[in-house]
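**Student:** Right, I'll just put the structure down here and ask away after.
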Amino acid sequence: MVTRIRELLAKHGALPVSVETLSDTADLYEAGLSSFASVQLMLALEDAFNVEFPEHLLNRKSFASIAAIRDAVASLTGEAVA
Amino acid sequence: MNEVARAKALSLTERARRAAAVAAAHADDVDAAGRFPREAVDAMKAERLLGIQVPAYLGGEGASTAEIAEVCSILGQACSASAMVFAMHQIKASSLVSHGEGAPWHEGYMRRMAADQLLLASATTEGGIGGNLRNSICAIEVDGDICRLTKDATVISYATEADAILITSRARADSAPSDQVMTVFEKGQYTLEKTHHWDTLGMRGTRSDGFIFKGEAPAEQILPKPFAEIAAQSMLANSHILWSGVWFGIASDAFARAQAFVRAAARKSPGSVPPGALRLAEASNLLQLVKSNILAALQQYDAAQKDETKLSSMGFAVAMNNVKIASSQTILEIINHCLLICGIMGYKNGTPYSLGRHLRDAHSAQLMISNDRILGNTSTMLLVNKQDTSLLG
Ligand SMILES: Cc1cc2nc3c(=O)[nH]c(=O)nc-3n(C[C@H](O)[C@H](O)[C@H](O)COP(=O)(O)OP(=O)(O)OC[C@H]3O[C@@H](n4cnc5c(N)ncnc54)[C@H](O)[C@@H]3O)c2cc1C
């Protein structure tokens, strides 16, 4: 799942740095994730994992790092995080 | 009883009304000369209004956003420029109160702010970025214990009158434009080289000139949280609610003038309802809409404050953006109704029904963070966020 998230982040995150240089826990906002890009990323994740982000996950925290995104998506797909 | 105790013993609204009376007496001159509302701000200080938001344990009164919005509205009915100065000061104070607690320097500063009634200014707008406050070009440089910043700040209201400027920048020289911090620079720690002169249609007394800001201060004056969190968790709601409080005040005073006009007309011709009365009823309806919208936002903010996740959520940001859009647009409609009611007496300066200043000041509302920009942000969020369709939330 993390690999797929990284792919989507590279495609939609519009980050000024390469996604490979970021650890799973690196702060994406510090890395330059804008609110516009985070919405584009959300839409891509919804499409890729066939989920819909509910209200309580639509906040900065859910998208603060690759690990946070993984947890958010996992909580929706019911997949184990590992 | 000393002066401070005397001021605090009166109710907040009573103190605000006394400051508003001073502001009203000078409003036309402040507007005509485009000068800082010195008398009104001195009155706010005398009434101890500048420190009300500081928590009681730091020497303030822990005033709520609702109480502060009410003061904004009372001042707005007297002099919009004075009210906007007060609102902008309180918005900056909210950044300190919400995010400076636990930080020794910022707690000390809040204590001094309350004790000495210090006035805070804001510098988020930057040449090349315009009103996009979540992006900065300039970056703060931290060199050991010292931080330095140069910013092309194209709009800083009452900059030369302020005791401190809270200013945004990128967190480091290699940070992304959206990775920002906010720093408190005190008077004496910066120089201001004037670049733009504030000669505007309205809000002339805010003296929002442009400057090249150059500052150097101890690095501990940088607020300990990323600006993104400050913006989302306190600045967004406080700006939109307190600005709306000021605008509601402007529209309320315009309404009061129109109502006085209609009543005078009714007295002159007993037995018939004056032609402006119907339009006054429409304006009353719109004024109530603005008020309800602000009150709903206050309730929502109050509920969200207990829940940091909610505070940073898209749903909350959408709701606050909508409050700003609605009040900034609706006040123009209200004041226009009032102008039609008062006719030439409203159009002329120097009558009890004059509305020129109200109309010009109110036009700043849709530009102060451009409504188009705000609608753009909201429309992005609505790609994923669902509209709140419940009545009670
Ligand atoms: C009375 C008053 C006092 C102020 N005091 C201060 C102060 O003390 N400190 C401070 O920092 N700032 C202050 N400001 C400035 C304010 O914060 C905004 O920065 C400013 O009003 C917006 O500037 P702008 O219209 O030049 O820029 P922009 O927001 O860039 O807008 C320019 C134009 O471009 C359009 N536009 C630009 N970007 C977008 C977008 N993404 N989507 C849609 N449309 C877009 C807008 O519709 C607008 O017509 C004050 C403003 C006022 C009116």
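The values are calculated or read from the model by the stated rules, or taken from the named source; none is laboratory data. Quick caveat: nothing in here was measured; it's all calculated off a predicted structure. Note that each Cβ is placed from the backbone with ideal geometry, even for glycine, and that neighbours are counted across all protein chains shown.
**Student:** For region B:357-393, what are the residues that are polar (S, T, N, Q) and free of Cβ contacts under 8 Å to residues at least 60 places away in the same chain? Give the derivation first.
**Tutor:** The initial filter retains those residues of region B:357-393 that are polar (S, T, N, Q), namely B:364, B:366, B:370-371, B:377-380, B:385, B:387, B:389-390.
The answer is B:366, B:371, B:379, B:380, B:389, B:390.
**Student:** I'm told residue A:69 meets every condition in (1) within 11 Å of chain B (Cβ to nearest Cβ); (2) closer than 23 Å to residue B:227 by Cβ except one. Can you identify the failing condition by its number?
**Tutor:** (1)
**Student:** Same structure again: Could you check region B:186-198 and list, in sequence order, the residues that are more than 13 Å from the ligand (Cβ to nearest atom) and either part of a loop (DSSP other than H, G, I, E, B) or more than 21 Å from the chain's Cα centre (by Cα) (or both)?
**Tutor:** Answer for region B:186-198, where residues must be more than 13 Å from the ligand (Cβ to nearest atom) and either part of a loop (DSSP other than H, G, I, E, B) or more than 21 Å from the chain's Cα centre (by Cα) (or both): B:187, B:188, B:189, B:190, B:191, B:193, B:194, B:195, B:197.
**Student:** Pick out, from region B:1-91, the helices (runs of 4 or more DSSP H) lying fully within it that include 2 or more residues that are over 20 Å from residue B:253 (Cβ atoms) and at pLDDT below 95.
**Tutor:** In region B:1-91, B:3-9 are the helices (runs of 4 or more DSSP H) which contain 2 or more residues that are over 20 Å from residue B:253 (Cβ atoms) and at pLDDT below 95.
**Student:** Another question, then. Which of the numbered conditions does residue B:328 fail, given that it passes all the others? Conditions: (1) more than 13 Å from the ligand (Cβ to nearest atom); (2) out of contact with any Cys (no Cβ under 9 Å at 6 or more places or on another chain); (3) away from every other protein chain (no Cβ under 13 Å).
**Tutor:** For residue B:328, the exception is condition (1).
**Student:** Could you look through region B:163-180, keep only residues that are more than 15 Å from the ligand (Cβ to nearest atom) and aliphatic (A, V, I, L, M), and pick out the one that is nearest to the other protein chains (Cβ to nearest Cβ)?
**Tutor:** Just the residues of region B:163-180 that are more than 15 Å from the ligand (Cβ to nearest atom), to begin with: B:170-176, B:179.
Subset that is aliphatic (A, V, I, L, M): B:171, B:173, B:176.
Working: B:171: 8, B:173: 13, B:176: 3 Å.
Result: B:176.
**Student:** Right, here's the next one. So, of the residues in region B:354-367 that are surrounded by 21 or more Cβ atoms within 10 Å (Cβ to Cβ) and either outside any helix (DSSP H, G or I) or within 17 Å of the chain's Cα centre (by Cα) (or both), which turns out to be farthest from the ligand (Cβ to nearest atom)?
**Tutor:** B:355
**Student:** When both residues are 6+ apart or on different chains and their Cβ atoms are under 8 Å apart, which pairs have a first residue that lies in region A:35-48 and is facing chain B (nearest Cβ under 8 Å), and a second that is of a type in the set (D, E, K, R) and crowded, with 16+ Cβ neighbours inside 10 Å?
**Tutor:** What qualifies is A:35/B:134.
**Student:** Select from region B:146-185 the residues that are without any contact (Cβ under 8 Å) to a residue 40 or more places away in the chain and assigned to a strand (DSSP E or B) and write down the one among them that is surrounded by the most Cβ atoms within 10 Å (Cβ to Cβ).
**Tutor:** B:169
**Student:** Here is a follow-up. Going through region B:121-145 one residue at a time, which ones are away from every other protein chain (no Cβ under 14 Å) and not in a loop (DSSP other than H, G, I, E, B)?
**Tutor:** Passing the criteria: B:121, B:122, B:123, B:126, B:130, B:141, B:142, B:143.
**Student:** Sticking with this structure for a sec: What do you reckon, is residue B:73 within 16 Å of the ligand (Cβ to nearest atom) and either polar (S, T, N, Q) or in contact with an Asp or Glu (Cβ under 8 Å, 6 or more places away or on another chain) (or both)? Steps first, answer last, please.
**Tutor:** Numbers: within 16 Å of the ligand (Cβ to nearest atom): no; either polar (S, T, N, Q) or in contact with an Asp or Glu (Cβ under 8 Å, 6 or more places away or on another chain) (or both): yes.
No; evaluated as a whole, the condition is false for this residue.
**Student:** Which numbered condition trips up residue B:82, out of (1) more than 27 Å from residue B:48 (Cβ to Cβ); (2) within 13 Å of the ligand (Cβ to nearest atom)?
**Tutor:** Among (1) more than 27 Å from residue B:48 (Cβ to Cβ); (2) within 13 Å of the ligand (Cβ to nearest atom), the lone unmet condition for residue B:82 is (1).
**Student:** For residue B:118, indicate whether it is more than 13 Å from the ligand (Cβ to nearest atom), touching a residue at least 12 places away in the same chain (Cβ under 8 Å), assigned to a loop (DSSP other than H, G, I, E, B) and within 30 Å of residue B:33 (Cβ to Cβ).
**Tutor:** The answer is yes for residue B:118.
**Student:** Something else: So if I check each of B:281, B:297, which one is more than 14 Å from chain A (Cβ to nearest Cβ), part of a helix (DSSP H, G or I) and over 24 Å from residue B:88 (Cβ atoms)?
**Tutor:** On inspection, the qualifying residue turns out to be B:281.
**Student:** Run down A:63, A:53 and say which single residue is crowded, with 19+ Cβ neighbours inside 10 Å and more than 9 Å from chain B (Cβ to nearest Cβ).
**Tutor:** Working: A:53 fails: more than 9 Å from chain B (Cβ to nearest Cβ).
Just one listed residue meets the conditions, A:63.
**Student:** Quick check: anything in region B:369-388 away from the ligand (no atom under 16 Å from the Cβ), buried (at least 16 other Cβ atoms within 10 Å of the Cβ) and not hydrophobic (A, V, I, L, M, F, W, C)?
**Tutor:** Checked against the condition, which is being away from the ligand (no atom under 16 Å from the Cβ), buried (at least 16 other Cβ atoms within 10 Å of the Cβ) and not hydrophobic (A, V, I, L, M, F, W, C), region B:369-388 yields at least one hit.
**Student:** Condition first: within 15 Å of the ligand (Cβ to nearest atom) and of a type in the set (S, T, N, Q). Now tell me which residues in region B:139-162 satisfy that.
**Tutor:** B:154, B:157, B:160
**Student:** Related question: Which members of region B:150-198 meet the condition of being in contact with a Ser or Thr (Cβ under 7 Å, 6 or more places away or on another chain) and modelled with pLDDT under 95?
**Tutor:** Scanning region B:150-198 gives B:177, B:178.
**Student:** Scan region B:1-12 and report the pairs whose first residue is within 9 Å of residue B:48 (Cα to Cα) and whose second residue is modelled with pLDDT of 70 or more and in a helix (DSSP H, G or I), with Cβ atoms within less than 8 Å and a gap of 6+ or a chain change.
**Tutor:** B:7/B:15; B:7/B:46
**Student:** Does residue B:341 satisfy the criteria of being within 27 Å of residue B:299 (Cβ to Cβ) and either within 16 Å of the ligand (Cβ to nearest atom) or assigned to a helix (DSSP H, G or I) (or both)?
**Tutor:** So residue B:341 fails the test.
**Student:** Take residue B:131 and tell me if it is surrounded by fewer than 17 Cβ atoms within 10 Å (Cβ to Cβ) and either more than 16 Å from the ligand (Cβ to nearest atom) or in contact (Cβ under 8 Å) with a residue 24 or more places away in the chain (or both). Talk me through it step by step, then tell me what you get.
**Tutor:** Details: surrounded by fewer than 17 Cβ atoms within 10 Å (Cβ to Cβ): yes; either more than 16 Å from the ligand (Cβ to nearest atom) or in contact (Cβ under 8 Å) with a residue 24 or more places away in the chain (or both): yes.
So residue B:131 fits the description; yes.
**Student:** Kindly check whether there is at least one residue in region A:6-26 that is more than 10 Å from every other protein chain (Cβ to nearest Cβ), among the charged types (D, E, K, R) and outside any helix (DSSP H, G or I).
**Tutor:** Yes, because at least one residue in region A:6-26 is more than 10 Å from every other protein chain (Cβ to nearest Cβ), among the charged types (D, E, K, R) and outside any helix (DSSP H, G or I).
**Student:** Moving to a separate point now. In region B:92-115, which residues are free of Cβ contacts under 8 Å to residues at least 60 places away in the same chain and either within 16 Å of the ligand (Cβ to nearest atom) or assigned to a strand (DSSP E or B) (or both)?
**Tutor:** B:93, the sole residue that qualifies.
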